[in-house]
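Take a look at the structure below.
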Amino acid sequence: MAKKVKEWHREKKKFLEAKPEELRWRCSPSLFPFETTEEWHGVVGFINQERAYQALTLGVRMPEGGYNIFVSGPPETGRRTMVQAYLEEIAARESTPPDLCYVYNFEDPNKPKAISLPAGKGTLLAKDMESLVRDLKTKLPETLQSKDYEGRLTPILKKSQEEQESLFEQLKQRALKRGLMIQSTKTGMEVIPLLENRPISQEEFEQLPDEKRKEILENQEEIEELIRSFLRKIKELQQKAKERIEKVNEDVISFIVQPFFDDLMSKYGGISEVAKYLEEVRTHILSHIRDFLPSSETPLPFPTPEKSLSEYSVNVIVDNGHLMGAPVIFETNPTYYNLFGKIEKKPYLGGLYSDFTMIRAGSLHRANGGYLLVYAREVLMNPGTYDSLKRAIKFSQITIEDLAETLGLIPTTGLKPEPIPLRVKVIMIGSPAIYHLLSTYDEDFHRTFKVRADFDSVMENNERYLRSLYHFVIRVIREDGLLPMSATGVARLAEHMVRMSGTKDKLTARFGAIRDVIREASFYAEQWGAKVITSDHIQHALEQRVYRSNLIEEKILEMIQKNQILLDVRGKAVGQVNGLSVYQIGDFSFGRPSRITAQTFVGQSGVVDIEREVELSGPVHQKGVLILSGFLGGRFAQNFPLTLSATLCFEQSYTEVEGDSASAAELFALLSRLSNIPLRQDIAVTGSINQNGEIQPIGGVNEKIEGFFKTCKLTGLTGSQGVIIPRQNLQDLMLNQEVIDAVKEGKFHIYPISTVEEGIEILTGVEAGQIDEKGKYSPGTVYGAIQQQLKKYRDRMVALERKRQKKSHSRKKN
């Protein structure tokens, strides 16, 4: 009978054990149409994610407002690269937006005007205006210093001078008739009394008779009134002379200036904004001709200071003359000023000075008429940027102002540039967490970003993506100047992508990490003197990446070898099992076995997790432990109450335990302790369970298996060691070749299971047991032994309760 039982277990074990071909997915190099990537001369495309691609297409093609795009997904999935490449392809077929310029506002200098010109025309206009000012500064002084010009001014000046002298002579004669003399001084005109045709002093004036003094004073008042009238007439004559001079200047200047503006109008007259601006410039020049003349050489009768004439400049803030299509701008540092532009300031006389020529564009200006890419995290981290970006999108205009004023902190005075109309698609790139955060707390978010392009961390492992994988490899090689790669190298890279994805039917979409592997493989190939990157170079690069990061893993293995971490990989033990966990250190993860122990005793506390009691257990792990009570109750407490106290512990664990992947191992330790049947220590366990006893898949299965394999190698493989895993995780196996070879040679075993019963039978070599119609499990089975033990606990608790009640009754009698 015993022999038949052993044969049954041997056959069942063979049926449950995973086959070597199930342990890894292989990529055939024949899938790729070359021996090396150097042979490929076709178009190199991108590996597109269909869901994200369709969302991008909708967002880009929808003309209505608000259809901006939020690109979400994990980093290193090629989000930005794919989106930017897609936008550049679309933008190349679109029209090029106009140049953007700021010019002087002759009506209100504090409000510079914004004008737009066809692409490339802005710079031409700026150069033409520089040329205009330069030519006028040369030609005008030459003309105004010429004899012809002087000949036209001389009669005006002479006539004015003669009229002034005639009036002054008349004034003097009228004063003489009244015995007075008019004398010009630095402070004005002085009226002096005459006596016998000579001026008299104040003392002589005081000695005159009263009547004579009175007469002189009356005459003085009359002459002073005449002087005031004279000065008014002189001012009128000077004004008339000035007007005549200005008319001459206007005629002369118009004759000189007009040809220049005729040329400018022929170039830019078809642009209404520019035509209006040029007319304003012409009018201003004609009324400010003195600004073009050196102050020391001006022929005009009034001195003028020399000016910079910057008001005639054109500040081109965006020049699209070099573009072929619409712009695609990726702003790596989206601060407020980098996005919305700024007004620079210069120190001047102890203060700060600025004018319209100091206005600088931001990325939003350069992307106007095209597409702007920004990272959401960087936008949110810069004060005022996110709200200002939403405002610009909502009102379709860009306003350049100081950040302090935007935030309402400090009211400032100075330039207020005219807002520029905005037509742009904003593509914000961020994590799913940021997307959900904005969705929850920003009521305007969905009105502003109506399209979500969601990038997955994995792609389908099918022929389509495998065949397009080499496009990515070729592009990386060309962009980074790397060695060509063989088809075997691409195939090994594909296998690594499957390993990173965590399942055989997926490829990882973390192209940033894959790009690094290609670069490092090329580096090692060059060191070895190879001309082509092969699968060996890829493998070496992957091994070196592990070597650079696995110091802690090696330290743990060393502690296990020295018996500082207690762990058995041989023999059997009651209430003790090897569980498997994954440690994550940066981008490197590794599996580590841990001893899990269980103790059971009489009581009613149920299953107590020691990790939880000392707050070293996460909520998911706590849930897994609570499920154990549900399983025990379902299996063994249908006919009598579950009377049990039990403790579970991860031995020598001093950090938080999280996840439910150890719940199966914890249950096996409990079942072993309750049945007093020992568990094999040469088999480690991973998997979660539900209350029905079904084994559920877990993560990190490859690292866990390889971690236990390394531990077993420390003392030498016995041929019986292995790992129990959930059957669903067979689809996820991408084990390294060393483990696969050990399985092929029968030195290591992998047991995929679906139920608790399958696992306990492998670990104990004893049948789990089936319940009969009376609710009893068969004797000689694991469950039968557990049922008997739980009954003993129940009977012991009943006896203790009776004893307690008897003592209590006796105490009351006394």
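Note on the stretch 379-401: among residues that are touching a residue at least 60 places away in the same chain (Cβ under 8 Å) and open to solvent by less than 50 Å² (accessible area, probe 1.4 Å), the one that is farthest from the chain's Cα centre (by Cα) is I400. Within the bounds of the stretch 746-759, is there any residue that is open to solvent by 70 Å² or more (accessible area, probe 1.4 Å) and aliphatic (A, V, I, L, M)? Within the stretch 746-759, none of the residues are open to solvent by 70 Å² or more (accessible area, probe 1.4 Å) and aliphatic (A, V, I, L, M).
Which number in (1) open to solvent by 50 Å² or more (accessible area, probe 1.4 Å); (2) in contact with a Gly (Cβ under 8 Å, 6 or more places away or on another chain); (3) among the aliphatic types (A, V, I, L, M) marks the one condition that V458 misses? Unmet for V458, out of (1) open to solvent by 50 Å² or more (accessible area, probe 1.4 Å); (2) in contact with a Gly (Cβ under 8 Å, 6 or more places away or on another chain); (3) among the aliphatic types (A, V, I, L, M): (1).
Tell me, please, whether a residue that is polar (S, T, N, Q), open to solvent by less than 70 Å² (accessible area, probe 1.4 Å) and either more than 23 Å from P63 (Cα to Cα) or in contact (Cβ under 8 Å) with a residue 40 or more places away in the chain (or both) can be found in the stretch 324-333.
Looking through the stretch 324-333, none of the residues is polar (S, T, N, Q), open to solvent by less than 70 Å² (accessible area, probe 1.4 Å) and either more than 23 Å from P63 (Cα to Cα) or in contact (Cβ under 8 Å) with a residue 40 or more places away in the chain (or both).
Looking across the stretch 232-287 at every residue that is among the acidic types (D, E) and modelled with pLDDT under 80, the one that is surrounded by the fewest Cβ atoms within 10 Å (Cβ to Cβ) is identified as D251. When you look at I552, is it free of Cβ contacts under 8 Å to residues at least 40 places away in the same chain, of a type in the set (V, I, T), part of a helix (DSSP H, G or I) and open to solvent by 30 Å² or more (accessible area, probe 1.4 Å), yes or no? For I552, the condition - free of Cβ contacts under 8 Å to residues at least 40 places away in the same chain, of a type in the set (V, I, T), part of a helix (DSSP H, G or I) and open to solvent by 30 Å² or more (accessible area, probe 1.4 Å) - is met. Could we say that S313 is open to solvent by 30 Å² or more (accessible area, probe 1.4 Å), at pLDDT 80 or above, among the small types (G, A, S) and in contact with a strand residue (DSSP E or B) (Cβ under 9 Å, 6 or more places away or on another chain) here? Judged against the criteria, S313 is a match.
For V614, the conditions (1) out of contact with any strand residue (DSSP E or B) (no Cβ under 9 Å at 6 or more places or on another chain); (2) touching a residue at least 24 places away in the same chain (Cβ under 8 Å); (3) among the β-branched types (V, I, T) all hold with the exception of (2).
Within the stretch 128-145, the set of residues being without any contact (Cβ under 8 Å) to a residue 40 or more places away in the chain and open to solvent by 40 Å² or more (accessible area, probe 1.4 Å) comprises R134, T138, E142. Of all the numbered requirements in (1) more than 60 Å from the chain's Cα centre (by Cα); (2) among the hydrophobic types (A, V, I, L, M, F, W, C); (3) farther than 23 Å from E224 by Cβ, L136 misses one, and that requirement is (1). Among the criteria (1) without any contact (Cβ under 8 Å) to a residue 60 or more places away in the chain; (2) under 30 Å from E215 (Cβ atoms); (3) of a type outside the set (K, R); (4) out of contact with any Pro (no Cβ under 7 Å at 6 or more places or on another chain), the one F168 does not fulfil is (1). Residue count for the stretch 24-61 satisfying the condition of being without any contact (Cβ under 8 Å) to a residue 12 or more places away in the chain and either closer than 30 Å to K390 by Cα or buried (at least 16 other Cβ atoms within 10 Å of the Cβ) (or both): 4. So is G624 assigned to a helix (DSSP H, G or I) and in contact with a strand residue (DSSP E or B) (Cβ under 8 Å, 6 or more places away or on another chain) or not? Spelling it out, G624 is indeed assigned to a helix (DSSP H, G or I) and in contact with a strand residue (DSSP E or B) (Cβ under 8 Å, 6 or more places away or on another chain). Residue-level analysis places I115 among those that are touching an Asp or Glu at 6+ places or on another chain (Cβ under 6 Å) and buried (at least 21 other Cβ atoms within 10 Å of the Cβ). Residue check: is L717 open to solvent by 50 Å² or more (accessible area, probe 1.4 Å), outside any helix (DSSP H, G or I) and aliphatic (A, V, I, L, M)? Yes; evaluated as a whole, the condition is true for this residue.
Rundown of residues vs (1) more than 14 Å from F70 (Cβ to Cβ); (2) among the hydroxyl-bearing types (S, T, Y), yes/no style:
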{"site": "H446", "(1), (2)": "no, no"}
{"site": "F449", "(1), (2)": "no, no"}
{"site": "F455", "(1), (2)": "no, no"}
{"site": "S468", "(1), (2)": "yes, yes"}
{"site": "P484", "(1), (2)": "yes, no"}
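Of the residues making up the stretch 146-192, those that are open to solvent by less than 70 Å² (accessible area, probe 1.4 Å), in a helix (DSSP H, G or I) and closer than 20 Å to L226 by Cβ are E163, Q164, S166, L167, F168, L171, K172, A175. Counting the residues of the stretch 647-691 that are open to solvent by less than 10 Å² (accessible area, probe 1.4 Å) and hydroxyl-bearing (S, T, Y) gives 4. In this structure, is K450 without any contact (Cβ under 8 Å) to a residue 60 or more places away in the chain, open to solvent by 30 Å² or more (accessible area, probe 1.4 Å) and of a type in the set (K, R)? No.
If you filter the stretch 584-621 down to residues that are open to solvent by 70 Å² or more (accessible area, probe 1.4 Å) and assigned to a strand (DSSP E or B), you find that the one that is nearest to P678 (Cα to Cα) is Q599. Listed by first and then second residue, the pairs linking a residue in the stretch 265-286 that is over 17 Å from N105 (Cβ atoms) to a residue that is among the small types (G, A, S) and not in a loop (DSSP other than H, G, I, E, B), with Cβ atoms under 8 Å apart and 6 or more places separating them unless they lie on different chains, are M265/A275; Y268/A275; G269/A275; L286/S254.
Do we find that D148 is closer than 30 Å to R282 by Cα and in contact (Cβ under 8 Å) with a residue 12 or more places away in the chain in this structure? Spelling it out, it is not the case that D148 is closer than 30 Å to R282 by Cα and in contact (Cβ under 8 Å) with a residue 12 or more places away in the chain.
For V532, the conditions (1) under 31 Å from the mean Cα position of the chain (by Cα); (2) surrounded by 14 or more Cβ atoms within 10 Å (Cβ to Cβ) are fulfilled apart from (1).
The values are calculated or read from the model by the stated rules, or taken from the named source; none is laboratory data. Please read all numbers here as calculations on a predicted model, not as lab measurements. Counting neighbours? That spans all protein chains shown, and the Cβs are built from the backbone with ideal geometry, glycine included. Just the protein is used for accessible areas: all its heavy atoms, side chains included, with ligands, DNA and RNA removed. Shrake-Rupley method; radii C 1.70, N 1.55, O 1.52, S 1.80 Å.
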